[in-house]
Amino acid sequence: SQNQELLQAIAKAADQYPKPPVTFAYGTAGFRTLGERLPSVIFRVGMLAVLRSQRLNGATIGVMVTASHNPEPDNGVKLVDPAGEMLEQSWEAHATALANCETTQLLVSTYEDIAAQLRIDINTPASVVYAYDTRPSGPALIQALEAALGAFGDRVNTVNVGITTTPVLHYVVKATNDKSGTYGKPTIEGYYEKLATALKTLIGNRAPLAPLYVDCANGVGAVALEEFGKYVEDIITLKALNTDTKTKGALNYQCGADFVKTKQQLPPSVAEAGVLAKPDTRGASFDGDADRIVYYYLRDGKTFRLLDGDKIAVLAALFIEDLVKRAKLHDDIKVGVVQTAYANGSSTKFIKERNIPVTCTATGVKHLHHAALKYDVGVYFEANGHGTVLFSSGALETLHKAKPNSPDEVKAIKNLLALSELINQAVGDALSDLLLVEVVLAHRAWGAAEWDAGYEDLPNRLVKVEVPDRTIFLTTDAERKLTSPDGLQKLIDEAVLKVKQGRSFVRPSGTEDCVRVYAEASTTSSTDQLAAIVTDLVKQAAAAAATA
Ligand code: G16
């Protein structure tokens with residue numbers, strides 16, 4: 001029968017991609033591990049992408065092959081749902097189940113089980129678009145994906161978007177599925193055009209903006225920045241740094257958003273280039289797949305000052321709130337902010353003092369995104385620079401239907417609508433967020449120092465702790481408290497109480513094999529002390545569990 005034929009084709013193709021002796025899990029951002037371990041996983045994710053599309057009546061699903069901020073030998077894969085969002089969480093278990101089947105036979109029967117359970121006819125049409133970043137392991141993994149998709153023959157319509165950033169792929173998925181035809185062309189160029197048009201509206205006839213130095217982490221962001229820069233060169237000059245996507249080992253090495261945020265310093269290459277020494281010069285760092293961004297500048301030409309995701313969230317939320325007030329729509333459009341436990345305590349306090357509600361979620365864009373959807377305008381950012389601003393359909397309708405009574409109201413409404421075009425509505429994008437920051441600064445006539453002046457970060461530390469088994473660390477309360485190992489949280493609480501304005505939490509990473517310790521307090525030395533004590537507690541608990 002047709003089914004048997006298809007199952008045989010899948011089995012034959014799958015035999016080329018045997019599973020290595022590794023247990024895989026769909027984590028914070030899909031599967032992530034050494035690239036060489038991933039071909040079988042990618043193959044199986046391809047099978048799941050087809051199922052997901054079939055389950056959603058042929059809607060287009062995205063597959064992105066990237067490991068973002070992780071070291072170059074790593075790679076990863078994640079699925080993108082039709083609206084450009086991360087894969088619905090209930091499906092992560094299916095992904096994990098398929099990835100861990102030891103044999104082809106088991107794979108095929110598990111696949112059949114999932115299809116039966118979800119009432120999917122495996123012969124119905126499906127549609128999948130995919131892309132990958134500049135990692136050396138990318139092409140081989142794309143071959144594995146294509147082998148899986150190929151097994152379905154003409155049941156599946158595929159589009160290879162090629163080497164591009166994660167947010168571009170999310171955009172292409174959303175635009176492909178947009179039946180109204182108003183969201184934009186479902187291509188890389190379509191995205192750039194959309195951003196450039198919105199930027200032009202928002203900048204109006206202001207003078208060109210100051211040039212911006214952008215550290216591209218030697219990743220795919222360099223490709224995007226070069227292409228996109230041409231669309232907006234009459235408005236802003238984007239000066240790309242760390243654009244070497246060819247030299248082995250360069251990706252994310254001593255550069256990029258993760259390096260800057262974790263080390264709280266300039267990438268050495270940017271420091272050496274000396275480009276930030278001139279007063280009022282801003283720099284920014286993308287991560288390896290250009291879906292996060294942090295800003296920085298040198299205060300008085302000397303002192304490194306970080307403007308991270310929290311600072312971007314505050315900048316964006318207050319600006320949008322002001323526009324909503326100027327549009328006289330503050331009774332109808334409520335702005336809210338979503339953060340994680342990593343948000344600096346000062347930022348949360350600052351936002352709350354301005355009567356803007358704040359929600360805290362677990363780490364991972366998928367969690368923040370869902371929480372942000374609950375606001376009319378939801379501003380969500382992780383401190384590490386992942387984030388975006390979501391305009392609900394209700395808020396957009398209010399804006400479109402508003403009856404402004406003054407030129408100022410007209411302008412505010414126009415600007416809010418343009419912001420909803422400028423800001424990626426599918427997922428956070430370093431490029432789109434960069435333009436958002438530049439627009440706000442231009443409107444406020446601010447430099448980095450004025451932006452920075454809003455609140456002072458509490459000193460903070462982020463420590464990676466390698467442990468024998470990170471799965472023993474379980475959390476609750478948006479990852480702010482541990483429920484396991486037994487007794488550890490109590491010891492952390494005691495350590496925190498001894499420190500002024502102290503806060504600390506521990507969670508297992510979902511993208512790397514480590515446990516993360518976060519600490520903040522009123523002074524640098526007490527922060528370092530707290531981080532060191534909690535790190536020791538973690539190591540002791542992990543060692544005790546390993547020998548038990
Ligand atoms: C991914 C996720 C982010 C998360 C980061 C670190 O970022 O998309 O939401 O903050 O990993 O996660 P964890 O602490 O669990 O390792 P990226 O930039 O690597 O895609």
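In the assembled protein chains, H443 presents an accessible area of approximately 50 Å² (probe radius 1.4 Å).
The mean accessible area for residues of the chain, using a 1.4 Å probe and ignoring ligands and nucleic acids, is 40 Å² per residue.
Looking at the chain, the DSSP beta bridges with both ends there are about 60 percent antiparallel. Of the peptides 26-37, 10-21, the order by per-residue mean of other Cβ atoms within 10 Å, starting with the highest, comes out as 26-37, 10-21. Summarising the label geometry, the points placed 7 Å from Cα in the beta-carbon direction at K278 and E450 lie 1.9 nm from one another. Go ahead and run the numbers for FRET between E233 and D178, Cβ-Cβ distance against an R0 of 35 Å, rounding to 0.05. Plugging the Cβ-Cβ distance into 1/(1 + (r/R0)^6) gives 0.80.
In this Cβ point-charge picture (+1 for Lys and Arg, -1 for Asp and Glu), the chain has a dipole of about 780 debye about its Cα centre. Report the paramagnetic label zone for T23: residues of the range 447-478 whose backbone N is under 13 Å from a point 7 Å from Cα along the Cα-to-Cβ axis. Backbone N within reach: 469-473. Counting only Cα atoms, the size of the chain along its three principal axes is 69, 59, 47 Å, in decreasing order. Among the aspartates and glutamates, which fall within straight-line cross-link reach of K349, defined as a Cα-Cα distance under 20 Å, with same-chain neighbours fewer than 8 residues apart omitted? Cα-Cα hits under 20 Å: D308, D310, E321, D322, E382, E450, D452, E456, D457, D477, E479, E520. For the range 188-305, DSSP calls about 50 percent of its internal beta bridges antiparallel. Of the DSSP H helices in the chain, those with a Cα length along their own long axis of 15 Å or more and a mean Kyte-Doolittle hydropathy reaching 1.0 comprise 138-151, 430-444.
Are there trypsin sites (Lys or Arg not before Pro) in the range 173-264 that DSSP marks as loop and that have at most 16 other Cβ atoms within 10 Å, and which are they? Taking the range 173-264 and a limit of 16 other Cβ atoms within 10 Å, the loop trypsin sites (Lys or Arg not before Pro) found are K179, R206, K246, K248. Highest average first, the peptides 467-475, 146-154, 333-341 ordered by how many other beta carbon atoms sit within 10 Å of their residues are 333-341, 146-154, 467-475. When the scattering of the range 152-258 is computed by the Debye formula from its Cα atoms alone, each counted once and equally, what is log10 I(q)/I(0) at q = 0.12, 0.20, 0.21 Å⁻¹? Taking Cα atoms of the range 152-258 as identical point scatterers yields -0.53, -1.11, -1.16. If the chain linking N3 and T262 were pulled fully straight, counting 0.36 nm for each residue of separation and taking away their Cα-Cα distance, it would gain 88.2 nm.
Among beta bridges identified by DSSP and lying wholly in the range 257-402, the antiparallel ones come to about 65 percent. The range 402-442 and the range 79-116 have their alpha-carbon centroids 38 Å apart. A Förster radius of 41 Å, combined with the Cβ-Cβ distance separating N355 from E193, puts the computed FRET efficiency at roughly 0.65.
When peptides 506-513, 112-119, 408-415 are ranked by their average number of other Cβ atoms within 10 Å per residue, the highest-first order is 506-513, 408-415, 112-119. The reciprocal of the average 1/r between distinct C-alpha atoms defines the Kirkwood hydrodynamic radius, which for the range 375-490 equals 18.1 Å. Of L416, T245, Y380, which is farthest along the charge dipole of the chain in the positive direction, counting Lys and Arg as +1 and Asp and Glu as -1 at C-beta? Result: L416, furthest along the dipole toward the positive end. Surface composition of the chain: carbon plus sulfur atoms contribute 51% of the solvent-accessible area (1.4 Å probe, protein chains only, all chains present). Starting from the Cα-Cα distance between A544 and H330, subtract it from 0.36 nm times their residue separation and give me the gain in nm to one decimal. Length gained between A544 and H330: 71.6 nm. Each listed q (0.24 Å⁻¹) maps to a log10 I(q)/I(0) for the range 324-372, found by the Debye formula over equal Cα scatterers with no solvent: -0.90.
Fully extending the segment from C514 to R206, taken as 0.36 nm per residue of separation minus the present Cα-Cα distance, adds 106.1 nm. Counting only residues at least eight positions apart within a chain, or on another chain, the lysines with an alpha carbon under 20 Å from that of K328 are K401, K403, K411, K414. Within a straight-line Cα-Cα reach of under 25 Å, K464 can be paired with the following lysines, leaving aside sequence neighbours fewer than 8 residues apart in one chain: K78, K248, K261, K263, K311, K366, K481, K490, K498, K500, K539.
The values are calculated or read from the model by the stated rules, or taken from the named source; none is laboratory data. Nothing here was measured: the structure is a model prediction, and the numbers come from that model. Reconstructed Cβ throughout: ideal geometry from the backbone, glycine too, with neighbour counts over all protein chains shown. Heavy atoms of the whole protein, side chains included, go into the accessibility calculation; ligands, DNA and RNA do not. Shrake-Rupley method; radii C 1.70, N 1.55, O 1.52, S 1.80 Å.
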